[in-house]
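Each reported figure results from applying straightforward, stated rules to the coordinates on display, with no laboratory input. Please read these numbers as outputs of a predicted model, since none were measured by experiment. FYI the Cβ positions are ideal-geometry reconstructions off the backbone, even for glycines, and counts take in every protein chain you see.
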Amino acid sequence: MFSRINSFEEYQIEYKKSIETPEAFWAEKAEAFTWKKKWDKVLEWNFDEPNVKWFSGGKLNITENCLDRHLATRANQTAIIWEPNNPNEAVRKLTYKELHAEVCKFANVLKNNGATKGDRICIYMPMVPELAIAVLACARIGAIHSVVFGGFSFKSLSDRIHDADCNIVITADGGFRGAKDIQLKAVVDEALQTCPSVKKVVVLNRTNTNVQMINGRDVWWHEEMAKLSSDKAFCEAEEMDAEDMLFILYTSGSTGKPKGVVHTTAGYMVYVDYTFRNVFQYDSSPLGGEADVYWCTADVGWITGHSYLVYGPLLAGATTLMFEGIPTYPDAGRFWQVIDKHQVNIFYTAPTAIRSLEAAGLEFVAPYKLDSLKILGSVGEPINEEAWMWYHKNIGKEKCPIVDTWWQTETGGIMISPLAGITKTKPSYATLPLPGIQPVLLDENGKELLGNNVEGRLCMKFPWPSIIRTTYKNHDRCKEAYFSTFKGYYFTGDGCKRDEEGYYKITGRVDDVIKVSGHLLGTAEIENAINQHPDLVESAVVGFPHDIKGWGIYAYVICRHERKDTENFKKEIMATVTKFMGAIAKPDKIQIVSGLPKTRSGKIMRRILRKVAEGDLNNLGDTSTLLDPAVVEEIKKGALTDPIVA
Ligand code: WTA
């Protein structure tokens, strides 16, 4: 009914309609897109198998909706503004017309290198426009992209390539991040030693690094592009089924092996477009003005980058800013400098960045006007009240609504969030469900907690268009992880409170994953990486509250034989984790122990380790059922004297 919700009353009407007649509601939203063939059925679903299908029988290509559809009205509008890591390097801007041409051309490069519909293509790149081009080019030809964050190590990369059985990797010689120069191609080379499925590697020249090119396997991006004359550059968009896979994105879970979350085409498209325009109140066609400049600071390697840097903004015909660097380079004023430089109107970032910039001090904010800003956003972890207030006061100058957006890799798009300037905000609350979203809170027995002023496990009782469809090649795992804990519900893994007004506040994870600087990391995955150190027998990792990162990593390790050189030992463990998982998973504290608190059946009692890591030594609960209760005393003692702080 409303293309964009304009008032709280409209939100209420829209929400009611989305619950009472969800199919009619979403069908109406879907009408706005370009379809090669309309759908036969809006929704089929059950949460038991689970099996969810949206817009069955519909045929389309998402890139026609991101690009071709806009050419008649906004060919010369900037689609992507690219801000380099080095503030003195030239900015790049691509109009919709230029982006369309580049995507078509690169799609042809992929075809020339053997790519076909349904292939899995791994993308391991720095934050440059070619990353977005690569993603869209895959979608153009119906290949399934699997983007791997450039900070992951060769082992994490090869595991993901293996799992998805990719035949092509798109990468760059290297990437610039702050003062660092990351050697991406070298990591790919190491990863590919164990990935025989990969037949081609397309390499972008970004850093002019001398890399080894393997004859027959490796080709340069620019050379392949140059082979295509401009009359051959157009690429017809492949006809995709509504439920054909669009991408796989790996996310951490309770086991050591990341899950390949699968999103499909039509539902994902409809939902990210709808949420982008409503949450951020994006105005793509203001009367007599320029389109808003929107900046999401997330890396395309994460879901936020997929949905709200690339697909959502482009579907909505927005101008989206992509930043190659980090918030603290060349100094902690970089975000604010970029906002002024590009006159950013909407700014979407993570609490961990806000906290670290707050810690850096207001002198880094002071030189900038920040008067172009209209709306601020937060994503990835709970934003504490103090950080919320700092952001509101010093960045938003008390005039920009903050949208605290709760969602997940598996949900594809924003689920619980204010609509900027339309619905009420409340510091540290994600507030209200978006239209189409039916959250429930369950107690530990799976009973729905009705009414307000309740706290429980956050679940969803009805599908939305961008819900996870499966975990790649392992549907049981999807069922087990999300649809089995509470029968008939999608379980998020988050704890949540609904206050007296019915507003939602996420209280954090209730499973064995931790959010470190907004990155979801499985404790088992980190343990696997730590255990690669030859002197270690076993380890146990838990999270502990951390002022800047939200959560820090605390590792308890058992050594094979005593190591007196603790400083070196610590460095070696760090290097091991960096090598086998990536620097984002390095522990903040390491404690050497002689044993771990285990139940008689051998399960590690993480509850106890968490309490110790939090410094709450007097509330460990009942330890009498442990195999060896004495180990707890030793760990408590060690926690006061021993942990090596990284
Ligand atoms: C957490 C990121 C509180 C939550 C989009 C969720 C949040 C996990 C928020 C998913 C928020 C995300 N407030 N917690 N606004 N946003 N989370 O898959 O624990 O990287 O389950 O997706 O991040 O992380 P993921």
Assigned charges on the beta-carbon of Lys, Arg, Asp, Glu; the range 549-646 dipole about Cα centre (debye): 340
Simple SL model, points at 7 angstrom along Cα→Cβ for LYS117 and LYS487; separation in nm is 4.0
Report the charge-dipole magnitude of the chain in Debye, nearest 20, computed about the Cα centre from +1 at each Lys and Arg Cβ and -1 at each Asp and Glu Cβ. 500
Positive minus negative residues near LYS36 (Lys, Arg vs Asp, Glu; Cβ under 13 Å): -3
Cβ-defined net charge surrounding GLY396, 14 Å radius [Lys, Arg +1; Asp, Glu -1]: +1
Would you mind estimating how fast the range 170-217 diffuses translationally, via Stokes-Einstein at 37 °C and 0.692 mPa s with the Kirkwood radius over Cα pairs, in µm²/s? 291
Over the Cα atoms of the range 237-307 the radius of gyration and the largest Cα-Cα distance (Dmax), both in Å, equal 15.7, 54
Of the trypsin sites (Lys or Arg not before Pro) in the range 591-646, which ones lie in a loop per DSSP and count no more than 16 other C-beta atoms within 10 Å? ARG600, LYS603
How charged is the neighbourhood of GLY118? Take every other residue with its Cβ under 14 Å from the Cβ of GLY118, and add Lys/Arg as +1 and Asp/Glu as -1. -2
Checking the a/c ratio against 1.5 first, then a/b against b/c, what shape does the Cα gyration tensor give for the range 416-502? oblate
Mind listing the phi-derived Karplus ³J(HN,Hα) values for the range 69-81, rounded to whole Hz, using 6.51, -1.76 and 1.60 with θ = phi - 60°, and x for any glycine or proline? 4, 8, 5, 5, 10, 9, 4, 9, 6, 5, 8, 10, 9
Would you please give the FRET efficiency between SER230 and LYS393, computed as 1/(1 + (r/R0)^6) with r the Cβ-Cβ distance and R0 = 56 Å, to the nearest 0.05? 0.65
Go through the range 384-469 and name the GluC sites (Glu not before Pro) that are in a DSSP coil and have 12 or fewer other Cβ atoms within 10 Å of their Cβ. GLU398, GLU444
Bin width 10 Å, origin at 0, all Cα-Cα pairs of the range 67-212: what percent of pairs per bin? 12, 39, 34, 14, 1
Helix-only [θ] at 222 nm, the chain, -39500 (n - 2.57) per DSSP H run of 4+, per residue, nearest 500, equals -8000 deg cm²/dmol
Computed D for the range 517-645, Stokes-Einstein, Kirkwood radius over alpha-carbon pairs, 4 °C, 1.567 mPa s, to the nearest µm² per second, is 87
How far apart, in nanometres, would the label points at LYS257 and ASN208 be if each is projected 7 angstrom from Cα along the Cα-to-Cβ direction? 4.5
Which shape class applies to the range 270-356: rounded if a/c is under 1.5, otherwise prolate when a/b exceeds b/c and oblate if not, where a ≥ b ≥ c are the square roots of the Cα gyration tensor eigenvalues? oblate
Just flag the GluC sites (Glu not before Pro) in the range 549-601 sitting in loop per DSSP whose Cβ has no more than 14 other Cβ atoms within 10 Å. GLU562
By the mean-Cβ-within-10 Å protection proxy, highest first, 336-344, 21-29, 305-313 rank as 305-313, 336-344, 21-29
Given 10 °C and 1.306 mPa s, how large is the Stokes-Einstein diffusion coefficient of the chain in µm²/s, with Rh as the Kirkwood radius over Cα pairs? 62
Isolated Cys residues of the chain, judged by Cβ distance under 4.7 Å to other cysteines: CYS66, CYS138, CYS195, CYS296, CYS400, CYS459, CYS478, CYS496, CYS559
